[in-house]
Amino acid sequence: MTVRERLARGEFNHMSQALQPDGSLLVTLTKRGDPHVYRLTVLHLYQPDEQVLREETSGGD
Amino acid sequence: MASGYPDYEGGKRRVYSTADWAADVGVDKSFTATDTSMAFEETVEASHLVPAGKTFYVVHCSFNIRANAAANANSQSLGLVYLSIDGVAGFPFLDGGNGGGSSILSPPVVVEAGQTVRLLGLCAANQDSRMNVTMSGYEV
């Protein structure tokens, strides 16, 4: 599952959003019991012209 | 336990509020947005598009705001928050305050599958400020 798919399916408990200086949105997802942190950098989230710039999964090692 | 009530097996059973139950079974959700440098009337937004087949119940909204410069720490830090659902008229929840605010929504605000709910924070302070907004609830 990609991070964007995880967001779309609601497979998380906590989401944070931080607007970046370049206008992109950094989205961080965590799920209780899951040691991973899922990050997504996106333009125009939830808009027709949405564009995913970057995805990252960290932790859980 | 008062006499006449059934034995609740020493704490193995309890009466839950729906929100407490949601946290117990892992369907609780929270959404936070942060902006570390905001001018007067700039906004920050936490948003959530409810997945297909789910309903999101917003139970709690809160925000805080403060000046970035120590020289302004004793000044008022006014902020406003607006809860809205795309395609739904009006604002189911509004709040404002000096430094922040927090409210339990009872009954919860109901957001259907395919709808986007937004908690918008507006900086109403006249100094450079940082603001956090959070909405939380459960999704089933």
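The values are calculated or read from the model by the stated rules, or taken from the named source; none is laboratory data. None of these values were measured; they are calculated from a predicted model. Every residue, glycine among them, receives a Cβ derived from its backbone with ideal geometry; neighbour counts consider all protein chains shown. These area figures cover heavy atoms from the full protein model, side chains too; ligands, DNA and RNA do not enter into them. Shrake-Rupley method; radii C 1.70, N 1.55, O 1.52, S 1.80 Å.
Just to be sure I understand the filter: pairs with C-beta atoms under 7 Å, separated by 6 or more residues or on different chains, first member in the stretch B:35-63 and facing another protein chain (nearest Cβ under 7 Å) and within 21 Å of A:ALA18 (Cβ to Cβ), second member modelled with pLDDT of 95 or more and open to solvent by 60 Å² or more (accessible area, probe 1.4 Å). Which pairs pass?
B:ASP35/B:ARG130
Under 9 Å between Cβ atoms, which residue pairs at least 6 apart in sequence (or on different chains) link something in the stretch A:4-19 that is at the interface with chain B (Cβ under 7 Å from one of its Cβ atoms) with a partner that is part of a strand (DSSP E or B) and of a type in the set (Phe, Trp, Tyr)?
Listed by first residue and then by second, the contacts come to A:GLY10/B:PHE56; A:HIS14/B:PHE31; A:MET15/B:PHE31; A:SER16/B:PHE31; A:GLN17/B:PHE31.
Out of curiosity, is B:GLN127 assigned to a loop (DSSP other than H, G, I, E, B) and open to solvent by 60 Å² or more (accessible area, probe 1.4 Å)?
So B:GLN127 fails the test.
Going through the stretch B:21-60 one residue at a time, which ones are hydroxyl-bearing (Ser, Thr, Tyr), in a strand (DSSP E or B) and under 20 Å from the mean Cα position of the chain (by Cα)? Reasoning before the result, please.
Within the stretch B:21-60, the first condition is being hydroxyl-bearing (Ser, Thr, Tyr), and the residues that meet it are B:30, B:32, B:34, B:36-37, B:43, B:47, B:55, B:57.
Imposing the further condition that a residue be in a strand (DSSP E or B) reduces the set to B:30, B:32, B:34, B:36-37, B:43, B:47, B:57.
Of everything in the stretch B:21-60, those that are hydroxyl-bearing (Ser, Thr, Tyr), in a strand (DSSP E or B) and under 20 Å from the mean Cα position of the chain (by Cα) turn out to be B:SER30, B:THR32, B:THR34, B:THR36, B:THR43, B:SER47, B:TYR57.
Looking only at the stretch B:103-140, how many residues end up being within 27 Å of A:GLN20 (Cβ to Cβ) and of a type in the set (Ser, Thr, Tyr)?
Of the residues in that region, 4 qualify.
Take the conditions within 14 Å of another protein chain (Cβ to nearest Cβ), within 22 Å of B:VAL27 (Cβ to Cβ), under 18 Å from the mean Cα position of the chain (by Cα) and open to solvent by 30 Å² or more (accessible area, probe 1.4 Å) and apply them to B:VAL140. Does it pass?
yes
In the stretch B:61-79, what count of residues is obtained for those that are open to solvent by 60 Å² or more (accessible area, probe 1.4 Å) and within 17 Å of the chain's Cα centre (by Cα)?
So the count comes out to 1.
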